[in-house]
């Protein structure tokens, strides 16, 4: 290719490139996207307040729209149903909890980490028991609606996986093998937390146990020499 030919091709290419960008249109689109995202955040915040105050079943789209200061049309433009709103809130909560546990795992090991994770769960439950009420209510409601049950289960899997990851690293750092698979440990920890909450609802103060320590003892137990025969394992 000669120099003249190369220059000609560059000039030809240059003529195909717009010399003025549509910056006004870009700014308008950006503002519109920002407004949509802002409205979504406001609707979710309002939905959370209404859910916590009234419960899942008693909450209505009318009440959520009124709380958010929007018409029902705006609410429907963001979410197709009340369930979509709740599951979006739950997804954000799961991500928040996973991030908090990751920070604990980054700074703690062994017994300290095994106790800190359930202690955090207990502290959050005590700080906002209405949220636990809400999640349990939705779980029971969704159990009768297969599509919602499946959607909830997919999100719950994230909780289990994130917690199992923390327990896996705990044992890897200690060079130990957990008595039970990390995923089972995560499910046990969640079950203890939920079960204790339900028992406290029925009989406040009836169970006088340090649940974070009970959970940590299960998590810290290592595989025994007679693995699988029910013998007590060693402890970290």
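Overview of results
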| read-out | value |
| --- | --- |
| Mean Cβ count within 10 Å, highest first, over the residues of peptides 90-98, 201-209 | 90-98, 201-209 |
| Residues residue 34 and residue 161, FRET efficiency given R0 of 35 Å [Cβ-Cβ distance, rounded to 0.05] | 0.60 |
| Proxy reagent accessibility, fewest Cβ within 10 Å first, across 82, 72 | 72, 82 |
| Mean separation of Cα contacts under 8 Å (6+ apart) over length of the range 81-236, as relative contact order % | 28 |
| Distance-filtered residues of the range 171-197 - backbone nitrogen under 19 Å, label point 7 angstrom along residue 207 Cα→Cβ | 184-197 |
| P(r) of the range 81-236 over all Cα-Cα pairs, binned every 5 Å from zero, in whole percent | 2, 8, 17, 21, 18, 15, 11, 6, 2, 0, 0 |
| Fewest-first sequence of 51, 138 by Cβ atoms within 10 Å of each Cβ | 138, 51 |
| Residue 108 paired with residue 72, simple spin-label distance in nm, labels 7 Å along Cα-to-beta-carbon | 4.7 |
| Fewest-first sequence of 183, 103 by Cβ atoms within 10 Å of each Cβ | 103, 183 |
| Per residue, the convex hull volume that the Cα atoms of the range 46-116 enclose (Å³) | 103 |
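Each value in this text was obtained by applying a stated rule to the coordinates, not by laboratory testing. Owing to the predicted nature of the structure, the values given are computational and were not obtained by experimental measurement. Heads up, the Cβs are rebuilt from the backbone with ideal geometry, glycines too, and the neighbour counts pull from every protein chain shown.
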